[in-house]
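Quick notes on the structure that follows.
The values are calculated or read from the model by the stated rules, or taken from the named source; none is laboratory data. Quick caveat, the model's predicted, so the values are computed rather than measured. Glycine gets a Cβ as well: all are built from the backbone with ideal geometry, and neighbour counts include every protein chain shown. In case anyone asks, the SASA skips ligands and DNA or RNA and just uses the protein heavy atoms, side chains included. Shrake-Rupley method; radii C 1.70, N 1.55, O 1.52, S 1.80 Å.
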Amino acid sequence: MTADLNRLSAVDLAAQLQSRALTAEQVTRACLARIAQRDGEIHAWAHIDPDYALAQARSLDAGPILGPLHGVPLGVKDIFDTADLPTSYGSPIYEGNRPAQDAAAVALCRAAGAVVLGKTVTTEFASYQRPPTRNPWHTAYTPGGSSSGSAASVADAMTPLALGTQTAGSIIRPAAYCGIVGFKPSFGAVPRAGCKALADSLDTLGGFGRSIDDVALLASVLMREPAMLTARRDAAPRVGMYRSLHWRHAAPETREAFTTAAERLKAAGVEVVDTPLPDAHCALMQLQADIMAYESVGALAFERWRHADRLSPALAAILDGGARITRAQHLANLAQAADIRGRVERLFGECDVLLTPSATGEAPFADQGTGDPLFCRLWTLLGVPCVHLPFAKGPQGLPVGLQAIGRIGHDVDLMAAARWVHPLLQDQAA
């Protein structure tokens, strides 16, 4: 039985751990065994200390139930500070770095009883550089980035839950490539203290699970919002299908998933409408990229000044580009972004939730990088909550799905809509 515990959902594990039908040590040992078996091939973990993980588990077993994550293993993206494990931010500059304290998000999870298994691989400072991590579905392909190790570790049943961050597409895209559920909350819904910054106007903390209920469990702790656990709808949501002006970049498998989703929802009696495109949609992609590049120069000022020779050429080029953007232009960009956020309600019209592509298609080959965040940039810029719904396969047998988008600040409503929509897509999947 212990050997299969790593495959149980976070919700099932939590229930059995709360009732003491399982021990945290049993569950932790099962996850560590899976890591030992598979991580030599997947490379999802940057830092693992099995003895320390087991010590956490034994301490939890010996004490009272701490909270909803009591005894549930958790992977922590190596962009979050941890006081008891190295935090290298995906860069050789910080090899062996030991922060004095946990990031706020990590501390919230520990206070709720989570067992921190270890630190998962991130791309360099959560940007675009190719990581060593491979896609568990087929190791010739990327798991996406920058939350590469978090997505891969959950998809490969090494851990039921993992933390991630998104500045462009770093939660939703890896979730899509790895065939799991990824949740990016509304901007600012999760505290960022102790998480290495990349772009203050965009950085958003969230995480990964293998079901809607699993990410809702994690989100309830990160957001301190118990309603995430029980969010349900009494009636079907009204769903807007949103292609975006970048539809021409969507691969056939993404187009097919989009069409199939609309057909299945309509067949189930869900009201489905095509959502019109906003003005200047394409320009918004560049706006997000420019804000990200400018703010990255400030966030990584020390590293660029003192350790320029230890930055990857790709990241150095992004920072050089950001340095050419003037302060006046950045302020104008921020003002434009704020104006767009104020008008985002128009995107929804009469809809409760939008469905739109998460990625251009299946995961690309690993040597081609982490994939294009094209279909995620807009939603990160707008600060709205997003959840990836996996339900299809592409021509290579790799996962494909869509992301559900909600109104900013209405994360509970989005989770309720996702719980309604996702089973309709899954139940009829081939």
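Here are the numbers for this structure:
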item: Boolean, VAL27 is in contact with a strand residue (DSSP E or B) (Cβ under 7 Å, 6 or more places away or on another chain) and either open to solvent by 10 Å² or more (accessible area, probe 1.4 Å) or not hydroxyl-bearing (Ser, Thr, Tyr) (or both); result: yes
item: Close pairs (6 angstrom Cβ cut-off, 6 or more residues apart or separate chains): closer than 16 Å to GLY118 by Cα in the stretch 55-78, among the basic types (Lys, Arg) and open to solvent by less than 10 Å² (accessible area, probe 1.4 Å) anywhere; result: VAL76/LYS119; ASP78/LYS119
item: Conditions (1) in a loop (DSSP other than H, G, I, E, B); (2) in contact with a strand residue (DSSP E or B) (Cβ under 7 Å, 6 or more places away or on another chain); (3) of a type outside the set (A, V, I, L, M); (4) within 22 Å of VAL11 (Cα to Cα): number failed by GLY113; result: (2)
item: Looking only at the stretch 310-346, and only at residues there that are closer than 18 Å to GLY383 by Cβ and outside any helix (DSSP H, G or I), the one that is most open to solvent (accessible area, probe 1.4 Å); result: ARG343
item: Complete set of residues in the stretch 141-157 that are in a helix (DSSP H, G or I) and hydroxyl-bearing (Ser, Thr, Tyr); result: SER148, SER150, SER153
item: ARG407 vs. criteria more than 16 Å from the chain's Cα centre (by Cα), at pLDDT 95 or above, part of a loop (DSSP other than H, G, I, E, B) and of a type outside the set (Gly, Ala, Ser); result: yes
item: Where a residue in the stretch 227-252 is farther than 23 Å from VAL215 by Cβ and its partner, wherever it lies, is open to solvent by 50 Å² or more (accessible area, probe 1.4 Å) and in a loop (DSSP other than H, G, I, E, B), with Cβ under 8 Å and at least six apart; result: ARG243/LEU277; SER244/LEU277; LEU245/LEU277; HIS249/ASP372; ALA250/ARG243; PRO252/PRO395
item: Which listed residue is open to solvent by 60 Å² or more (accessible area, probe 1.4 Å), farther than 18 Å from GLY206 by Cα and not in a helix (DSSP H, G or I), from ALA36, ALA83, ALA46, ALA100; result: ALA100
